[in-house]
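Notes to accompany the following structure.
Every read-out reported here was derived from the displayed coordinates using simple, explicitly stated rules and does not represent laboratory data. Every value quoted in this text rests on a predicted model; they were computed, and no experiment measured them. Quick reminder, even Gly has a Cβ in these numbers, built from the backbone with ideal geometry, and neighbours come from all protein chains shown.
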Amino acid sequence: MADSLSSPPLTKDLRRVLIDADSISRRVDELAREIDERYKDIEEPLILVGVLKGSFIYMADLARKLTIPHIVDFIAISSYGAQGDKRGEVRLLMDTRENLSGRDVLVVEDILDSGNTLSYLIRLFKSRGVKSISTTVFLDKPERHEVPVDIAFMGFDIPDVWVVGYGLDYKEKYRTLPYIAEMYPQK
Ligand code: 5GP
Ligand code: MG
């Protein structure tokens, strides 16, 4: 899938390009059309809630391709491991600006791994009385699921490897690569 124009040279940490920039862009287009279709009769603007930091590039690309009325908002949560949190534990670090009560909400996430993050967010938003909640996730690691989560708009299935680029980092590195790359396992 990689081509030399959209894929700058790999560094020593990166094994291979999994999804190149052109494939990303085509898939985001398709997802935007699906989301447009699903929400075409929406009464109030759809609230897109991006999960920081990983989703910020997918959010920017997706939101610019939607034709339905929408609002962009963000939420930040702690990810397991980052501060020595217990696996599966999710903490809210920064809340949305919008009041989600009575609104149609689409959670925008970079990657689905165990499913803990999204199941926490779906529970949280339901408890706030949203009118509807659904999710879009750019990447999915099906082998890693621990809790079932219903994803309405999914970008790509990938194997159980650590990936970076297109918003995803390794210790804050490689987040702004224009493609998705697989890392060599780190010590
Ligand atoms: P879950 O709660 O589904 O286990 O975890 C999802 C979160 O784990 C993602 O939002 C992301 O922050 C992180 N994550 C899982 N796999 C990867 C990966 O391969 N690369 C990066 N950069 N983050 C990942
Ligand atoms: Mg994330």
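Across region 38-73, the number of residues qualifying as among the charged types (D, E, K, R) and within 16 Å of ligand 1 (Cβ to nearest atom) comes to 1.
Contact map, region 50-66: residues that are touching a residue at least 24 places away in the same chain (Cβ under 8 Å) and over 9 Å from Ala32 (Cβ atoms) paired with residues that are assigned to a helix (DSSP H, G or I) and within 16 Å of ligand 1 (Cβ to nearest atom), Cβ distance under 8 Å, separation 6+ or inter-chain. Pairs shown: Gly50/Phe56; Gly50/Tyr58; Gly50/Met59; Val51/Thr117; Val51/Leu121.
In region 164-179, what residues are touching a residue at least 40 places away in the same chain (Cβ under 8 Å), crowded, with 19+ Cβ neighbours inside 10 Å and within 13 Å of the chain's Cα centre (by Cα)? Result: Val164, Tyr166, Gly167, Leu168.
How many residues, within region 107-134, are away from ligand 2 (no atom under 13 Å from the Cβ), more than 21 Å from Asp36 (Cα to Cα) and not aliphatic (A, V, I, L, M)? Residues that pass the stated criteria total 7. Among the residues making up region 105-144, those that are buried (at least 21 other Cβ atoms within 10 Å of the Cβ), closer than 22 Å to Glu43 by Cβ and over 10 Å from the mean Cα position of the chain (by Cα) are Val105, Leu106, Phe125, Ile133.
Name every residue in region 145-180 that is over 30 Å from Ile42 (Cβ atoms) and within 15 Å of ligand 2 (Cβ to nearest atom), in order of residue number. Ile158, Trp162, Val163, Val164, Gly165, Asp169, Tyr170, Lys171, Glu172, Tyr174, Arg175, Ile180, listed by residue number.
When Gln186 is tested against the conditions (1) surrounded by fewer than 21 Cβ atoms within 10 Å (Cβ to Cβ); (2) within 15 Å of ligand 2 (Cβ to nearest atom), the lone failure is (2).
Scanning for something out of contact with any helix residue (DSSP H, G or I) (no Cβ under 9 Å at 6 or more places or on another chain) and without any contact (Cβ under 8 Å) to a residue 24 or more places away in the chain, does region 129-140 turn up at least one residue? Among the residues of region 129-140, not one is out of contact with any helix residue (DSSP H, G or I) (no Cβ under 9 Å at 6 or more places or on another chain) and without any contact (Cβ under 8 Å) to a residue 24 or more places away in the chain, which makes the answer no.
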